[in-house]
Amino acid sequence: MSSITKLVRPNIAALSPYSTARDEYGGPIGIFMDANESPYQNGYNRYPHPDQQAQIKARLGAIKGVPAANIFLGNGSDEAIDLIFRIFCVPGKDNAVIMTPSYGMYGVAAAINDIAVRPVQLGSDFSLDTCALLKACDEDTKVIFLCSPNNPSGNAFPQEQLLDICNRFGGIVVVDEAYVDFSGKGSLAHEAVRRDNLIVLQTLSKARAMAGLRVGMAISSEEIIRLMSMVKYPYNLSRAAMEKALEFLGQDIDTKVDTIIKERARLTAELPRYSFVKKVFPSDANFLLVKVDDANALYSYLLEKGIIVRNRSRVTGCEGCIRVTVGLPEENDALILALNNYERV
Ligand code: PMP
């Protein structure tokens, strides 16, 4: 038994997954009388064909430099987060260690699955204390969730630190790299392929501009990918979403990502000039966490101007902060103009 097999919930290890006759047949054309679909063609009357996921995985594998067999596709990376709890954590018994502040869905998915969360507070500069993290783990800790670059703080953690945690923890380590394309610090995707306890999450929702399609991915060992594929809904991505995703994956994103990174630098330089801005935290992502005098007042003012930012001031560690997503250059101009007027009020 591999060390990972021991971490899998017994009911999942024993699962016979739902299988479809279409998987067995595989061919694109035939008289399909197996799945109770409508026979009237409109492009979407059939369930998605398994080839569609295979094509996207092949394309993503080439882009990310990892084998297609090490990629799981989910209905957003949110689906992968939920599946990780369902595969590894026994409800009402096991727990997950989650750094905080971080992406809210880890805690929500844990609560839905009745998994206790052990939060580990990041430092005032949002640095991660490896010893505190490992100290928070006990024999029922199955998963550690790390997010790099982290949402909402924006900072990426050193790769050596993340790998050190993987080396020292006996359970599953998830590194959520939703914002990795905006970071110069690189991805751990290659490491996830060759290790047995690392799952890297990425998404088409951010730099690849496909949030509306809901396509995310997990990159991990073939064994973990097999478990995730077994537990997911049989047709977790729609035909329409996969068609569009494949089309958009043919487009180059470098210029757009470069512009967002330049605009991030511009806002990072501009925002501290305002008297009401106390700190702009360094960001490796496509957003900035900004500490201000009165986050509630600024949030309401911007909302009135039709500029919607995220008020994070009630999140522990983010008191007084708003989170601003970097927009188009002209949208960032509009933000700056509104802030100029706010300064004068
Ligand atoms: N991880 C992080 C850190 C995020 O911020 C988000 C979305 N805001 C997600 C995952 C979810 O992404 P997806 O659209 O792929 O579900």
For this session: Tell me, yes or no, whether segment 39-49 has at least one residue that is open to solvent by 10 Å² or more (accessible area, probe 1.4 Å) and either assigned to a helix (DSSP H, G or I) or aliphatic (A, V, I, L, M) (or both).
Result: no
Seminar exercise, completed: When restricted to Gly30, Gly61, the only residue open to solvent by less than 30 Å² (accessible area, probe 1.4 Å), assigned by TED's automatic domain parsing to the domain that holds Leu237, more than 19 Å from Ala240 (Cα to Cα) and not β-branched (Val, Ile, Thr) is Gly61
For this session: Filter segment 167-204 down to residues that are within 14 Å of the ligand (Cβ to nearest atom), part of a helix (DSSP H, G or I) and out of contact with any helix residue (DSSP H, G or I) (no Cβ under 7 Å at 6 or more places or on another chain), then give me how many there are.
Result: 1
For this session: Could you please tell me which pairs satisfy a Cβ distance under 9 Å, a separation of 6+ or placement on different chains, a first residue in segment 63-92 that is over 21 Å from Gly212 (Cα atoms), and a second residue that is within 12 Å of the ligand (Cβ to nearest atom) and open to solvent by 10 Å² or more (accessible area, probe 1.4 Å)?
Result: none
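Yes or no, residue by residue, for (1) within 14 Å of the ligand (Cβ to nearest atom); (2) part of a strand (DSSP E or B); (3) within 17 Å of the chain's Cα centre (by Cα):
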site	(1), (2), (3)
Val66	no, no, no
Phe72	yes, yes, yes
Ala109	yes, no, yes
Ile144	no, yes, yes
Asn155	yes, no, yes
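The values are calculated or read from the model by the stated rules, or taken from the named source; none is laboratory data. This is a predicted model, so every value here is computed, not measured. Glycine also receives a Cβ, built like all others from the backbone with ideal geometry; neighbour counts cover every protein chain displayed. Just the protein is used for accessible areas: all its heavy atoms, side chains included, with ligands, DNA and RNA removed. Shrake-Rupley method; radii C 1.70, N 1.55, O 1.52, S 1.80 Å.
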